[in-house]
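Q: Let me give you the structure first, and then I'll get to my questions.
Bear in mind that the values in this text are calculations on the coordinates, not laboratory data. If you're wondering where the values come from, they're calculated on a predicted model, not measured in any experiment. Neighbour counts run over all protein chains shown; Cβ positions are idealised from the backbone, glycine included.
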Amino acid sequence: MKAVLYICHGTRIKEGAKQAADFIRETMPLVDMPIQEICYLELSAPSIEEGLRTCVERGATDIIAIPFLLLTAGHAKEDIPEELAKAAKLFPDVAIRYGRPLGVQEQIIDVLIDRMKEAAPISANASVLLVGRGSSDPATKEDFSHILDLFQSKTKLTDVTIGYMAACEPSFEDALRQAVDKQPHQLFIVPYLLFTGILTKTMERAVKKLNSTSEIHLCRHLGYDPVIGRILAQRVAEAAQSEPVCFPS
């Protein structure tokens with residue numbers, strides 16, 4: 001019997017973990033699998049091992065593991081496969097297929113723009129600071145370069161910069177300072193993050209400390225959107241057609 005195991009990042013903020021689980025539950029009806037379970041890489045429960053065990057206890061013999069992440073970086077390439085490999089040893093008779101993260105998608109850029117419109121009408125000369133999680137994986141900056149191109153193509157805005165919460169330069173703090181120093185008429189700070197968590201709380205505190213005459217809007221995280229839900233369901237369908245992973249014994 002087939003199962004899907006959705007693997008979220010996890011967060012110390014309970015509301016963030018709940019948002020991730022609620023998002024996946026909204027998406028489950030789009031996925032034709034008898035068993036669908038949710039787990040977390042770190043900081044939240046259940047763990048990947050616990051998620052796999054639940055699938056097996058419900059009768060799964062073929063499990064599709066889907067990293068519910070925005071981009072392909074260290075977590076998707078290394079951390080999650082390592083945890084899956086450890087857990088797979090406990091269930092040697094179970095086939096495990098591994099899917100892709102959401103990836104850079106035009107539709108997600110559309111959701112970003114929607115989040116800006118929720119915050120305020122967008123002026124033609126608005127400045128934008130896109131904020132990513134950051135990663136030591138060079139692919140992260142490549143992905144954000146693509147995201148920036150797509151965003152500017154869709155919005156026609158010219159003053160769009162990027163800042164990262166960790167592991168990449170420029171840091172969010174530096175990028176925010178530079179954006180504010182330009183004294184824009186209107187500045188949107190747009191988190192390229194799925195859910196609330198420590199990072200969004202850090203951004204909120206930084207924005208509250210600003211002393212600026214500019215019109216500044218901190219947009220909300222991406223959160224649930226049917227568009228992103230459909231991409232997640234597509235990732236499940238893709239992975240269902242892939243070969244099982246051969247984990248080292």
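Q: Between a first residue in the range 6-34 that is among the hydroxyl-bearing types (Ser, Thr, Tyr) and a second residue that is surrounded by fewer than 18 Cβ atoms within 10 Å (Cβ to Cβ) and outside any helix (DSSP H, G or I), which pairs have beta carbons less than 8 Å apart while being 6 or more apart in sequence or on different chains?
A: Qualifying pairs under 8 Å: Thr11/Leu43.
Q: Which one of these does Ser145 not meet: (1) of a type outside the set (D, E, K, R); (2) farther than 29 Å from Glu78 by Cα; (3) exposed (fewer than 13 other Cβ atoms within 10 Å of the Cβ)?
A: (2)
Q: Any idea which of Val104, Val128, Val180 is touching a strand residue (DSSP E or B) at 6+ places or on another chain (Cβ under 9 Å) and not in a helix (DSSP H, G or I)?
A: Sole residue among the options that is touching a strand residue (DSSP E or B) at 6+ places or on another chain (Cβ under 9 Å) and not in a helix (DSSP H, G or I): Val128.
Q: Determine which single condition Ala45 fails, assuming it passes every other condition in (1) over 19 Å from Gln234 (Cβ atoms); (2) of a type outside the set (Ser, Thr, Tyr); (3) touching a residue at least 12 places away in the same chain (Cβ under 8 Å).
A: Among (1) over 19 Å from Gln234 (Cβ atoms); (2) of a type outside the set (Ser, Thr, Tyr); (3) touching a residue at least 12 places away in the same chain (Cβ under 8 Å), Ala45 violates only (3).
Q: Restricting attention to the range 79-96, which residues are surrounded by 13 or more Cβ atoms within 10 Å (Cβ to Cβ), touching a Lys or Arg at 6+ places or on another chain (Cβ under 9 Å) and in a loop (DSSP other than H, G, I, E, B)?
A: Once the filter is applied, which keeps residues that are surrounded by 13 or more Cβ atoms within 10 Å (Cβ to Cβ), touching a Lys or Arg at 6+ places or on another chain (Cβ under 9 Å) and in a loop (DSSP other than H, G, I, E, B), the range 79-96 yields only Phe91.
Q: Hey, could you check the range 153-203 for residues that are aromatic (Phe, Trp, Tyr) and in contact (Cβ under 8 Å) with a residue 60 or more places away in the chain and say which is surrounded by the fewest Cβ atoms within 10 Å (Cβ to Cβ)?
A: Residue satisfying both the conditions and the ranking: Tyr192.
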